[in-house]
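A.B. asks: One structure follows; several queries about it will come next.
The values are calculated or read from the model by the stated rules, or taken from the named source; none is laboratory data. Bear in mind that the values here come from a model prediction, so they are computed numbers and not experimental data. As a convention, Cβ positions derive from the backbone with ideal geometry for all residues, glycine included, and neighbour counts pool all protein chains shown.
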Amino acid sequence: MGVIAALLRAIPLWAWAVAAALAWGGLQRYRAHAAGAELLQQQAQTAQQREQALTGALVETGRRLNVQAKEIDRAKQETERQRLARAAADAAADELRAAVDARVAAAASAAAADPAAAGGCAAAVDAARVLAELHRAADERAGAYARIADERGAAGARCERLYDSLTPPGGPP
């Protein structure tokens, strides 16, 4: 043991300082490498989490766009159905107006055919014309209100379905 102590005393102090500095530098290098590896691992995890979040957002956006495209197609079909129903209702209203006009014309020709009854029938013919005109105006107004109600009802339902399409199927996140 004395030999070892003598050898250790023979090494100059500056050599011990250099050895300690080299050991300290090696330790710091090891810690820096370990910290760098940990940083790279955390960055990889963060990138993976970001990628998963973006993928989820893309999937949800795709789902929403798909639902909205289906809703647009559905709205077009509903609009076409309403247009056909409106055309059928307009045709029925035209037939009813023609029937009323025919009755008014028949009453007018009956009054013209019988001059003895012309005085009493003229008022009836005028009343029939007024009633026919009131019916026509009421029918046109009702048709206009029905069109407005159909359009607004369809738009409201479409808006509600589009709004619902923005929420994920399981409910709010």
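A.B. asks: State whether the residues of the range 56-68 include one that is part of a helix (DSSP H, G or I) and more than 30 Å from Asp164 (Cα to Cα).
C.D. replies: Looking for residues that are part of a helix (DSSP H, G or I) and more than 30 Å from Asp164 (Cα to Cα), one finds none in the range 56-68, hence no.
A.B. asks: Exactly one condition in (1) under 30 Å from Leu134 (Cβ atoms); (2) modelled with pLDDT of 95 or more is false for Arg86; which is it?
C.D. replies: For Arg86, the failing item is (2).
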